[in-house]
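First up is the structure itself, then whatever we jot down about it.
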Amino acid sequence: MRAARPPLHQWNLQPEQAIALQKELASRVIREDRLPSKVQHIAGVDLAINENNGLARAAVVLLAYPSLQLEEQHVYEEPVRMEYIPGLLSFRELPCVLGALNLLQQEPDLIMVDGQGIAHPRRLGIASHLGLWLDLPTIGCAKSVLRGHYNEQELGEAVGSWVPLRDQGEVIGAALRTREHTKPMIISIGHRVSLDTSIRYVLSCCRGYRLPEPTRLADRLSKNNAYREPASGSRGGQGSSSEAIQDSLWQ
């Protein structure tokens with residue numbers, strides 16, 4: 001494990017401050033491959049909101065790669081921090097996601113995020129934001145388009161077929177067929193992974209489902225309210241502050 005990094009920024013921002021910060025952080029996103037020479041562990045993260053109790057529930061799974069054997073799974077819950085504002089999802093969800101990632105015993109080499117990377121109005125979706133916060137390679141694996149468009153007629157039905165997702169002439173992602181006769185996944189660069197490499201890793205993690213295994217298992221775990229994080233050690237599964245999380249993350 002490495003020493004924890006200093007916080008990237010504070011979370012208690014007004015919407016206009018968050019938008020300005022996104023524009024600044026987007027310039028720091030690395031869109032080329034800067035991964036370990038051998039990827040051995042891939043994490044998947046997702047988050048669900050429980051409207052009944054107002055809690056955000058983030059889930060993280062850690063899979064061995066390339067076997068995709070499940071090695072760790074954790075959940076972390078905290079009160080929802082802010083209302084949903086389009087384009088500012090990471091400010092609502094990322095602190096809770098960091099809480100879940102903090103429970104990992106093994107640092108991942110790559111993280112797949114259920115959400116957008118640079119396929120975002122300001123080129124800083126939750127996958128890119130997370131990658132910058134941790135300085136780790138991340139891939140955005142979204143179920144739908146937030147920004148941009150792709151040519152549906154040019155997208156083949158075979159698994160592995162993909163077409164560019166474009167916004168005002170810029171390629172910001174790909175519509176990728178991960179399962180026949182289903183809607184494509186929207187894949188985008190998060191941080192430190194090129195688009196071609198992102199597509200390759202996503203396909204290598206698919207096991208007959210639309211979602212790649214890291215985000216599929218995280219999605220399922222985030223919605224499984226019967227699963228509770230075992231109480232062990234000082235890093236429990238509920239309610240630490242984001243500052244405490246930053247101090248202890250993977251030390």
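One table, with the values for the structure above:
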read-out	value
Pair list, Cβ < 6 Å and 6+ apart or interchain, from region 79-96 residues that are in contact (Cβ under 8 Å) with a residue 40 or more places away in the chain to residues that are small (Gly, Ala, Ser) and assigned to a helix (DSSP H, G or I)	LEU88/ALA18; PHE91/ALA18; PRO95/SER242
Lone qualifier among PRO6, PRO95, PRO36 - being touching a Ser or Thr at 6+ places or on another chain (Cβ under 8 Å) and either farther than 18 Å from ARG220 by Cα or part of a loop (DSSP other than H, G, I, E, B) (or both)	PRO95
Residue match in region 216-238 (condition: more than 16 Å from the chain's Cα centre (by Cα), farther than 30 Å from HIS9 by Cα and modelled with pLDDT of 95 or more)	no
Every residue from region 9-33 that is touching a residue at least 12 places away in the same chain (Cβ under 8 Å) and outside any loop (DSSP other than H, G, I, E, B)	PRO15, ALA18, ILE19, LEU21, GLN22, LYS23, LEU25, ALA26
Helices (runs of 4 or more DSSP H) within region 126-239 that include 1 or more residues surrounded by fewer than 20 Cβ atoms within 10 Å (Cβ to Cβ) and touching an Asp or Glu at 6+ places or on another chain (Cβ under 6 Å)	195-204
Criterion (of a type in the set (A, V, I, L, M, F, W, C) and more than 21 Å from the chain's Cα centre (by Cα)) met by exactly one of VAL171, VAL159	VAL159
Test result for GLU77, in a strand (DSSP E or B) and of a type in the set (Asp, Glu)	yes
Among (1) modelled with pLDDT of 95 or more; (2) in a strand (DSSP E or B); (3) more than 18 Å from LEU217 (Cβ to Cβ) - the single one LEU63 does not satisfy	(3)
Residue count, region 72-96 (criterion: hydroxyl-bearing (Ser, Thr, Tyr) and either farther than 13 Å from HIS120 by Cβ or touching a strand residue (DSSP E or B) at 6+ places or on another chain (Cβ under 7 Å) (or both))	2
Qualifying residue in region 135-145 (condition: more than 11 Å from the chain's Cα centre (by Cα), among the polar types (S, T, N, Q) and under 18 Å from PRO212 (Cα atoms))	yes
One residue from LEU155, LEU195 being modelled with pLDDT of 95 or more and within 21 Å of THR138 (Cβ to Cβ)	LEU195
Subset tally (residues that are among the charged types (D, E, K, R) and either surrounded by fewer than 11 Cβ atoms within 10 Å (Cβ to Cβ) or closer than 19 Å to GLY115 by Cα (or both)) for region 3-27	2
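The values are calculated or read from the model by the stated rules, or taken from the named source; none is laboratory data. Just so it is clear, the structure is predicted and the values come from calculations on it, not from any experiment. Positions of Cβ are backbone-derived with ideal geometry, glycine not excepted, and every protein chain shown enters the neighbour counts.
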